[in-house]
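As structure tokens, the structure follows; a few thoughts come after it.
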């Protein structure tokens, strides 16, 4: 019973969107939209579990004085402060202090992490484009052609001669390879979904066996 | 000669001016208005079509009786020839007419209607998708049935999945932990479910070898499911006592805060092995490059095309698209699961043959295959 009910639920909830994909009737589409809403509600119930885990694990870290315990103090303080002003703001909007902290702490930190990506791209590109063998050399040449064909300075250096080659590389060999992966992945996803819906795949329930 | 040229030029100019006058002033730019229910929709809309030329704007007017007051509901370019009126009541008569503002006057076209919107039970333009879905279901069930009867099915070696044992073994030898990152999307994403299947296998191995594993999560639903998965794996491996709650942790719902926290863990705790399996976005390279910089063996897997080059560059093994979904069948070696992979390969072969035939037929000038496959 512990397994049967979740499997029946999975079958019904999994089959319904497929049914709704083909049936446009309002009754069907309304229920389908409600299913999306239920997902948000379920996620909202799961969120406190996550927050409790986060707080407990960081308090334990502080108690044990684990490596980097001071960051846990900052995390707990930030969580309490943001939660306090978030609740104080009510459902009418943000509290001024909440807004200030979001704009002056959260937002710049997010932007900083995102900006770091440029450096990671540079180091990854350096490793990927080393001409170690024939394939890597072909990749290097293709990358140079595509990059020069897509930036103004490339046009200036080559007089625009690389632009059509760059376009061809992107729209023909690159697009063909991408579509191959997309078709394979889509079929893989469909096959996995059918396995889940039919109860063949049960690992998401905590076990692969009954 | 000069006189003849002047006469010809004059005639051409007069004709051109006359043409412009007739097009701009006397001609109503849109005629033969038709109003019909929008086919294969959920109701509440009517399609309008007309024959039109030129780039003039026409006003679209609607009333509930032919002699009633027509109100303007929108506008369209005459040559577009179509407009869809939305948010209507079903089973109600609607009448339409087009209007064209010509100078100070407004020219009115003929009234079309009555037309009623109605809700439909089938999206007829998705017949091809229905056939393919039904075929997929039939093939999966058929191959699974064959597998249950004992038919042996072959699946090719996937190096990324074969390397899992080696990666866990390395962490055991080095006495360091394994970091398993199940992507950043929720359980509604099929890649996350595929990732949990692999997590189960990895957790069983860590339970057997006595290696430490940590699964940091971004999504609270995935956190709950991952904890159950790891707990169950330790039970199945016969080591429930080794399972610790802190093996599966929740970090944050914010994408970059999650990336910051996980990379900090990598740098501070220096795991021997990183698994990055699931759905990723911009944080993929941040995670993979940091893992690479600490010298961890990294196995990645995703079906997100933009992230694949990053993983291929920064990780030792990458599961590309469909390999991720085949993982549970490959790792468990259960014939029933392998049956569904076989069905997937058959559909892929059908698609390859159809695409090949479509290219050849299109080269001969026929769009038949393209039209059959087109859907929306």
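Helix B:220-236 versus the longest principal axis of chain B: what is the Cα-based angle in degrees, 0 to 90, to the nearest 10?
So the helix axis and the longest Cα principal axis differ by about 30 degrees.
May I ask you to compute the full-extension gain from residue A:29 to residue A:163, defined as 0.36 nm times their residue separation minus their alpha-carbon distance, rounded to one decimal in nm?
Here the segment from residue A:29 to residue A:163 would lengthen by 43.6 nm.
Quick one: angle between helix B:283-293 and the longest Cα principal axis of chain B, in degrees between 0 and 90, rounded to 10, please.
30 degrees
Mind jotting down the three principal axis lengths of chain B based on Cα atoms? Whole angstrom, largest first.
Its Cα atoms span 100, 54, 50 Å along the three principal axes.
What is the fewest-to-most order of B:50, A:168 by other Cβ atoms lying within 10 Å of their Cβ?
By the 10 Å Cβ count, ascending, the order reads A:168, B:50.
Principal axis lengths of chain A from Cα atoms, whole Å, largest first?
64, 50, 40
For A:64, B:177, B:204, what's the fewest-to-most ordering of other Cβ within 10 Å of each Cβ?
Taking fewest neighbouring Cβ atoms as first place, the list is A:64, B:177, B:204.
Can you give the Kirkwood hydrodynamic radius for segment B:75-168, in Å, rounded to one decimal and based on Cα pairs?
Averaging 1/r across every pair of different Cα atoms and inverting gives 20.6 Å.
Enter the mean number of other protein chain beta carbons within 10 Å of the beta carbon of each residue in A:174-186, as an integer.
Numbers: counts 0, 0, 0, 1, 3, 2, 4, 6, 3, 7, 11, 13, 6.
What the average comes to for A:174-186 is 4.
As a footprinting exposure proxy, order B:269, B:323 by other Cβ within 10 Å, with the fewest listed first.
The most exposed by this proxy come first: B:269, B:323.
What number results when the radius of gyration of segment B:276-372, computed over Cα atoms, is divided by 2.2 N^0.38 Å?
Relative to the rule-of-thumb radius for its length, segment B:276-372 sits at 1.48.
So how tilted is helix B:255-269 from the main axis of chain B? Cα-based, degrees 0 to 90, rounded to 10.
Approximately 20 degrees, to the nearest ten.
Please report the equivalent ellipsoid semi-axes of segment B:31-115, computed as sqrt(5 x eigenvalue) of the Cα gyration tensor, largest first, in whole Å.
Gyration-tensor ellipsoid for segment B:31-115: 21, 15, 10 Å.
Out of every Cα pair in segment A:1-88, what percent are spaced more than 16 Å from each other?
71 percent
For residue B:350 and residue B:152, FRET efficiency with R0 = 22 Å and r from the beta-carbon atoms, rounded to 0.05?
According to the calculation, E is roughly 0.45.
In nm, to one decimal, how far is the residue A:49 label point from the residue B:367 one, both placed 7 Å along Cα→Cβ?
About 5.1 nm, to one decimal.
Please grab the % of Cα pairs in segment B:257-298 that end up more than 15 Å from each other. Intermediate results must be reported in sequence, preceding the final value.
Numbers: 269 of 861 pairs.
Percentage above 15 Å: 31.
Determine the principal axes of the Cα atoms in segment B:160-212, then give the extent along each, sorted from largest to smallest and rounded to whole angstroms.
Principal-axis extents of segment B:160-212 (Cα, largest first): 36, 19, 16 Å.
Taking every pair of alpha-carbon atoms in segment A:129-210, give the share separated by more than 15 Å as a whole percent. Display every interim value, and only then the final one.
Working: 2370 of 3321 pairs.
The answer is 71 percent, as a whole percent.
Using the reciprocal of the averaged 1/r over all distinct C-alpha pairs, how large is the Kirkwood radius of segment A:69-144 in Å?
For segment A:69-144, the Kirkwood estimate is 16.1 Å.
Could you work out, for the protein assembly as shown, what percent of all Cα-Cα pairs fall into each 10 Å distance bin, beginning at 0 Å and stopping at the bin that holds the largest distance?
Result returned by the calculation: 3, 12, 19, 19, 19, 14, 8, 4, 2, 1, 0, 0.
Can you tell me the length gained on complete extension of the stretch residue B:281 to residue B:305, counting 0.36 nm per residue apart and subtracting the Cα distance?
Working: separation 24, 0.36 × 24 = 8.64 nm, distance 1.00 nm.
Residue separation times 0.36 nm, minus the Cα-Cα distance, leaves 7.6 nm.
Treating only the Cα positions of segment B:153-333 as identical point scatterers, give the base-10 log of I(q)/I(0) from the Debye formula at each q in 0.19 Å⁻¹.
The calculated log intensity ratios at q = 0.19 Å⁻¹ are -1.34.
With a Förster radius of 45 Å, plug the Cβ-Cβ distance of residue A:133 and residue A:103 into 1/(1 + (r/R0)^6) and report the FRET value to the nearest 0.05.
Values: r = 50 Å, r/R0 = 1.10.
That pair, residue A:133 with residue A:103, gives E of 0.35.
What does the helix-only formula give at 222 nm for the protein assembly as shown: each DSSP H stretch with n ≥ 4 adding -39500 (n - 2.57), the total divided by the residues, and the result rounded to the nearest 500 deg cm²/dmol?
-19000 deg cm²/dmol
Computed from the coordinates by the stated procedures, all read-outs in this text should not be read as laboratory data. Predicted model, so just to flag it, every value in this text is computed and none were measured. Every residue, glycine among them, receives a Cβ derived from its backbone with ideal geometry; neighbour counts consider all protein chains shown.
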